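Take a look at the structure below.
The values are calculated or read from the model by the stated rules, or taken from the named source; none is laboratory data. Quantities reported herein were computed from a predicted structural model and do not represent experimental measurements. Because the Cβ atoms are built from the backbone with ideal geometry, glycine has one as well, and the counts that use them run over all protein chains shown.
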Amino acid sequence: MFGFTRPQTIALLVMVALIAISPFVLYPVFLMRVLCMALFACAFNLMLGYVGLTVLPPFVAFHVPYISAEARRDCLEQYRAHLLTLEQRAPLAFPSLDDFDDRLQPKVVAASTETLAGPAGNTDWR
């Protein structure tokens, strides 16, 4: 079906069924927020990666309206430090077309020992 393998077709049909049934099972407002955030994340990632922009890692502060004034002050200090070090921060990595084969399937890359055991095989890198 549409060039998909049998397992991919089954997975697609299961996902469509779950999306169709979930408003009746899950809290509708929660589901709407989850789907909107997923759509936004996909569109944001695709748009920025497509146009080749350099994107720096975001600063995240959780539940700012609900924390104490002291905790909010700490968040603002962390934000100030984040802003002052923007020039040194490494940009987020987006996949390129070189990471995919001619059917747009991800190329398989063998795991290196550096990623599994830390730099130069050192297991005390944590």
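Considering only residues that are among the hydrophobic types (A, V, I, L, M, F, W, C) and surrounded by 12 or more Cβ atoms within 10 Å (Cβ to Cβ), look in the stretch 32-47 and name the one that is farthest from Leu92 (Cα to Cα). Applying the filter and picking the extreme gives Met32.
If you go through the stretch 1-31 and keep only what is in a helix (DSSP H, G or I), among the aliphatic types (A, V, I, L, M), surrounded by 10 or more Cβ atoms within 10 Å (Cβ to Cβ) and modelled with pLDDT under 80, you end up with just Leu31. What tally of residues in the stretch 54-110 results from selecting those that are under 30 Å from Gln8 (Cα atoms) and of a type outside the set (Ser, Thr, Tyr)? Residues that pass the stated criteria total 18.
For first residues located in the stretch 62-77 and of a type in the set (A, V, I, L, M, F, W, C), partners that are outside any helix (DSSP H, G or I) and surrounded by 12 or more Cβ atoms within 10 Å (Cβ to Cβ) and lie 6+ apart or on another chain with Cβ distances below 8 Å form the pairs Cys75/Ala61; Cys75/Ile67. Among the residues making up the stretch 48-91, those that are modelled with pLDDT of 85 or more, surrounded by 11 or more Cβ atoms within 10 Å (Cβ to Cβ) and not in a helix (DSSP H, G or I) are Phe59, Ala61, Ile67.
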